[in-house]
Structures are given as C-alpha cells and as structure tokens.
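Take a look at the structure below.
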There are 2 protein chains.
Amino acid sequence: MSDAATHGSLTGLRSCVRPGNRAGGVSQCSRCGARKASVCNAIGDPDLDRLAASVVHMTVPPGCSFIEDGAEATDFFNITSGTAKLFKLLPDGRRQITGFATAGHFLGLAVGDHYAFGAEAIDTVHLCRFSRPRMTRLMDDFPRLERRLLEEASNELVVAQNQMLLLGRKTARERVATFLLERLRNAEEDDVLVLPMTRTDIADYLGLTIETVSRTLSALRKEGLIADAGSHNLRLLDADRLADIAEGDRD
Amino acid sequence: MSDAATHGSLTGLRSCVRPGNRAGGVSQCSRCGARKASVCNAIGDPDLDRLAASVVHMTVPPGCSFIEDGAEATDFFNITSGTAKLFKLLPDGRRQITGFATAGHFLGLAVGDHYAFGAEAIDTVHLCRFSRPRMTRLMDDFPRLERRLLEEASNELVVAQNQMLLLGRKTARERVATFLLERLRNAEEDDVLVLPMTRTDIADYLGLTIETVSRTLSALRKEGLIADAGSHNLRLLDADRLADIAEGDRD
DNA sequence: CGCTGTCTTGAGAGTCCTCAACCGTGGTGG
DNA sequence: CCACCACGGTTGAGGACTCTCAAGACAGCG
C-alpha cells in the first residue's frame, strides 16, 4: 500500500464521504432510477417503505473511496448513479481493478466479515447503504430479495470468469477491443460510449500499462475502427470487426 | 473450439459420464464425506431424506467433461470427491482454467439458462447432480440452503477477484508461488501438496505456458524452497518465503 | 523394448513494459 | 491577462519477461 499513488489517483484511503441521510419519504425508493436494474426490484411496491426505512443515502465525490480493502464489512451498498471502481492492491502498489460498478450494482458481498476489495468513486456516486443486520432482516422477510442476490452473485461470477479469460489469455489488442464492446452495453447511444475512467484505470482493469492502452487505442483509431467523440467519449465505427478482434479472430 | 487439443488433454467435448443412480437410502447423504464442507450442511439431519431423494450420484472418469460451455444449464452439481477443472475457451483454442473444484464445491450457478464455462474431471470425480427444478424446490423449502448458496457464491467471488489480481498484475514467479500456497490449503499434510493436474492445467490456470511453469518450479527447487515428493507431489520447504514471493516482496 | 505422453531445458523471438520526452487542458495566482 | 504548474494522455526507443520453437529426458504401458 506504499506507493500506490504512482498507480492511481488515490485521493482515497481516508474516506471522504458525507454522512448521508436516512431515506426520507416512502416514495424515495419508488422514484429511484436504479430500481429497475437493481436487486431492490425483488421487493414489491407495497413493501417499499420497509426498504426505504432500511437504507441511508450517500453521496461520494470523485476520487473518494467508500470501501476499504480489509476493513470490517459492516455494510452493503447499492449504487444508484455514477461509476465506481473496485480493486485489489499488492503490497508494492500494483493494482488490479476487478470491475466497474454502475447504477444497480450491489456491493459488499464478502467472505467472513472483512471486505476483500476496495471501492472508489470515479465520478460522483450516489448510493444506498444497508447495514448488515438490516440487510439480513430484509432477506429473512423477503426471500425474493435473497434469491435476487444469488442471481446477482451468479452474474458477477460469470463476468469474473470472462475477465479471467481476458487477463490470462488475451493479447493487449484483444483486451482493449473486449473492453470497448463491454462499455457499449452501458452506453445510451448505439455506438457512442462514455469512458468516465482514466487510462490508468483502464490499464489496471485490463492488466496492461497506460502506454499500451494508449498505443492500442491509437492503432484502432488509425485503422478506422474507433473515433474520438469529445472528452471521455468514443465512437465505435466497426463494432463487428471489434468483436472479431475481441475473440481473437484473424489478428 | 478447434484445436483445443493442443492446449489440453481434451478427451472431453462428448461427455463420457455414466448415467448415475438415484441416491439409494436415507443414509446416503448423512454418510457423505463432503457434507461438512458443502452447501448440503445447510439441511439438517431430519430432512436429509428429502435431499437424498433429489440427487443423482455420478462418477466421472479422468479427462471427461461433465459441463459443456454454452450448453443448456439443466443441472447443478456438488462434488463429493476428486478434482475437476473449470475453464473457458477462445475460438482458437486458447484456454483459461478459472478454478479447480474439489469435494464440497457447488457448480452450475449460471446467468440465464446456459453454462458460461466447461468442467472436466482431472482424476475420478464423484458428484451429486440436482436438476434445476428440484434445486429450486429445495431452496423454496429450505431457506438456509439458499443462504448457504449465497455465502458460497460470495466466497467464489472473492477467490475470483484474487485470481484477477494474480492474472493481471503478478509475475510468473509470484503466480507459481501463489498457486503452491493455495494448494497447501487443500493438502492433508502440513507441507506436502498434491498436484493431480498436469503442467498444462497449471499453465492454463496461471495464464502462463507450460515451459514457464516448469522453469519457475525448477528455479524454486534450485533455491531450496520446494522439493519433489513423489509423482504429482511436492514438499514446501519454506512456506514463509514463498508467501513473501507470492505477494511481491523483495524479488 | 519401443511407443506415447508429460516434463524439462535451451536458444531465439516477440509482445509488452520501462523510461523518457512532449503535447494539451484546466486551474491558480502573480 | 498570461505565465506557471499539475495532470492526463500520446509517442518513441530500448529492454525485459515470457512465449515460441525445438530437442532431449523420463515414466508409464502395451
């Protein structure tokens, strides 16, 4: 944890999160934009007040961490907007980003009672915090919620296996192509994707260096497969070709 | 899926599994050696007959696959003895082993209704097969089972994140050291570990080539950190030093 | 005893990393 | 207003770690 600063922005470590407010009225959860995509949709409208009473809303400014690797796992989190990075560190500061979490993602599943990863906001992140005891009670009362969580965990496992394949067996070019297509799913438009994270984040996610990421993107640009579309935006010009590259076809 | 044969033993693809028998008597599950470590321990003795009636025992010979990537996910599996490898393939045959599953491991959690990985027996594997509908009914009737599964999935996620760190950021030497220590946990003796898998499997698990694995083991042997202990066995002579290496300390 | 498959070891090549310089943008303060 | 700095990103040259290709050693088995 020494010179992690050389690898990331690292404003983190001391959490710079505002205390947060208990969710005000009954309608809070029903108006939540992330509800459709999140585990909360396992709880029906009539019971939403139970849910709303169990959560604390929080706002995490960019660059601030809200889960610290190894800390006691006291809470679960549900992201309602923004993007966070989840990561693990080696003692010498090498970092692996294990995933980017956006609206609807549920965080905090841990073995034992300590988090096994860190989490830091990339842009401003809004999230709901559940204490463990409250969450347990919710699961007791709403079995559908528990089933939904199992479903979510299964999804994450599949994603993790894909990422292992990427990290263990794909070339830099294939990794970047895979990443771009993956980002497409989080995109609003058909071919324009938003990259709120820095090159350093992308590199730490793909198991590469920022130079290799930059060079690879430049190459794809030169080949007419992608184009700039403003700051932190990219346009995919040939997603089919990128998909071929991502799977290792031809080069 | 073309020349995967160049990367692994690959007797697989066509499943060579014997049909299997319904678990005979009530006592089958209570005598199961894997019960202690498996999700089945969520179900109390009085209900074990319900459990036993829901499973089919199967024996999978070495080298045979019992889960095929992309196939319809009709069953869950619980390994009771032996070791299986879980893997994903790229179209050109590159393989990533995402994990080794031993007694107590629960397999088959999938997103949607298709498996996202393949599974193949390394040595002779004995397992219990649950059909999805039966499993769903069991979870309905035994909420503790469902909670246990969520716990298991959380564990797997933590393991997966560690593996991503390994694949994305560790050197060959660190990877091998990490692997050896990981194997130590599955070992019966304090310092002797069993490696039922081939070098090819280890390489595909660590994101390396068999040559690099072999060279790295030779180097550790030369340094007096490990020693041969018979076929497929290794003795760890300095686990502390290996732990340092695994985390990137000094060299 | 020869065959086959696994493992080991060596030499050379290639991909990606390291080190370094440079560019562009945004914020700050003289 | 603009110089200055900090930060993120790009590009280049050289090097290192791991891969590829190849040959040989070893063990199991018909």
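The values are calculated or read from the model by the stated rules, or taken from the named source; none is laboratory data. Predicted model, so just to flag it, every value in this text is computed and none were measured. Please note: Cβ atoms are built from the backbone with ideal geometry, for glycine as well, and neighbour counts cover all protein chains shown. Surface accessibility is based on the protein's heavy atoms, side chains included, excluding ligands, DNA and RNA. Shrake-Rupley method; radii C 1.70, N 1.55, O 1.52, S 1.80 Å.
A:Ala121 meets each of the listed conditions (1) out of contact with any Asp or Glu (no Cβ under 6 Å at 6 or more places or on another chain); (2) within 11 Å of chain B (Cβ to nearest Cβ) apart from (2).
If you go through region A:200-227 and keep only what is without any contact (Cβ under 8 Å) to a residue 60 or more places away in the chain and within 11 Å of DNA strand C (Cβ to nearest atom), you end up with A:Ala203, A:Leu206, A:Leu208, A:Thr209, A:Ile210, A:Glu211, A:Thr212, A:Val213, A:Ser214, A:Arg215, A:Thr216, A:Ala219. In region A:199-239, the residue that is farthest from A:Ile97 (Cα to Cα) out of those that are more than 9 Å from DNA strand D (Cβ to nearest atom), within 14 Å of chain B (Cβ to nearest Cβ) and not in a loop (DSSP other than H, G, I, E, B) is A:Leu206.
For B:Gly248, the conditions (1) farther than 15 Å from B:Asp191 by Cα; (2) within 10 Å of DNA strand D (Cβ to nearest atom); (3) not in a helix (DSSP H, G or I) all hold with the exception of (2).
Every residue, every condition in (1) under 26 Å from A:Gly63 (Cα atoms); (2) assigned by TED's automatic domain parsing to the domain that holds A:Leu89; (3) open to solvent by less than 70 Å² (accessible area, probe 1.4 Å); (4) at pLDDT 95 or above, yes or no:
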residue	(1), (2), (3), (4)
A:Asp201	yes, no, yes, yes
A:Leu206	yes, no, yes, yes
A:Glu211	yes, no, no, yes
A:Ala219	no, no, yes, yes
A:Ile226	no, no, yes, yes
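Among the residues of region A:159-170, just one is among the aliphatic types (A, V, I, L, M) and open to solvent by 20 Å² or more (accessible area, probe 1.4 Å), namely A:Val159.
Test A:Asp191 against the criterion of being more than 16 Å from DNA strand C (Cβ to nearest atom), surrounded by fewer than 20 Cβ atoms within 10 Å (Cβ to Cβ), without any contact (Cβ under 8 Å) to a residue 24 or more places away in the chain and among the charged types (D, E, K, R), and give yes or no. Write out each step before concluding.
Working: more than 16 Å from DNA strand C (Cβ to nearest atom): yes; surrounded by fewer than 20 Cβ atoms within 10 Å (Cβ to Cβ): yes; without any contact (Cβ under 8 Å) to a residue 24 or more places away in the chain: no; among the charged types (D, E, K, R): yes.
So A:Asp191 fails the test.
Being within 16 Å of DNA strand D (Cβ to nearest atom) and either open to solvent by 50 Å² or more (accessible area, probe 1.4 Å) or at pLDDT 95 or above (or both) is a condition met by no residue of region A:44-58.
Taking the condition within 24 Å of B:Ile210 (Cβ to Cβ) and within 12 Å of another protein chain (Cβ to nearest Cβ), does B:Gly108 pass? Walk me through it before giving the result.
Details: within 24 Å of B:Ile210 (Cβ to Cβ): no; within 12 Å of another protein chain (Cβ to nearest Cβ): yes.
Considered against the rule, which asks whether it is within 24 Å of B:Ile210 (Cβ to Cβ) and within 12 Å of another protein chain (Cβ to nearest Cβ), B:Gly108 comes out as no.
Of all the residues in region A:79-97, those that are touching a residue at least 12 places away in the same chain (Cβ under 8 Å), facing another protein chain (nearest Cβ under 8 Å) and open to solvent by less than 10 Å² (accessible area, probe 1.4 Å) number 1.
Against the condition β-branched (Val, Ile, Thr) and either crowded, with 21+ Cβ neighbours inside 10 Å or touching a helix residue (DSSP H, G or I) at 6+ places or on another chain (Cβ under 9 Å) (or both), how does B:Thr124 come out, does it pass?
Values: β-branched (Val, Ile, Thr): yes; either crowded, with 21+ Cβ neighbours inside 10 Å or touching a helix residue (DSSP H, G or I) at 6+ places or on another chain (Cβ under 9 Å) (or both): no.
The answer is no for B:Thr124.
Residue check: B:Asp249 meets all listed conditions (1) open to solvent by 40 Å² or more (accessible area, probe 1.4 Å); (2) farther than 25 Å from B:Thr102 by Cα; (3) within 12 Å of DNA strand C (Cβ to nearest atom); (4) modelled with pLDDT under 95 but one, namely (3). The single condition among (1) closer than 18 Å to A:Ile79 by Cα; (2) more than 8 Å from every other protein chain (Cβ to nearest Cβ); (3) open to solvent by less than 60 Å² (accessible area, probe 1.4 Å) that A:Arg134 does not satisfy is (3). Checked against (1) touching a residue at least 24 places away in the same chain (Cβ under 8 Å); (2) away from chain B (no Cβ under 11 Å); (3) in contact with a helix residue (DSSP H, G or I) (Cβ under 9 Å, 6 or more places away or on another chain), A:Pro196 passes all but a single condition, namely (3).
Being under 30 Å from B:Asp49 (Cβ atoms) and not hydroxyl-bearing (Ser, Thr, Tyr) is true for just one of B:Leu180, B:Leu157, B:Leu150, B:Leu165. Which residue is that?
Matching residue, one of B:Leu180, B:Leu157, B:Leu150, B:Leu165: B:Leu150.
Of the residues A:Arg144, A:Arg173, A:Arg183, which single one is more than 7 Å from chain B (Cβ to nearest Cβ) and open to solvent by less than 30 Å² (accessible area, probe 1.4 Å)?
The conditions single out A:Arg183.
Just one of (1) within 16 Å of DNA strand D (Cβ to nearest atom); (2) touching a Lys or Arg at 6+ places or on another chain (Cβ under 6 Å) fails for A:Val176. It is (2).
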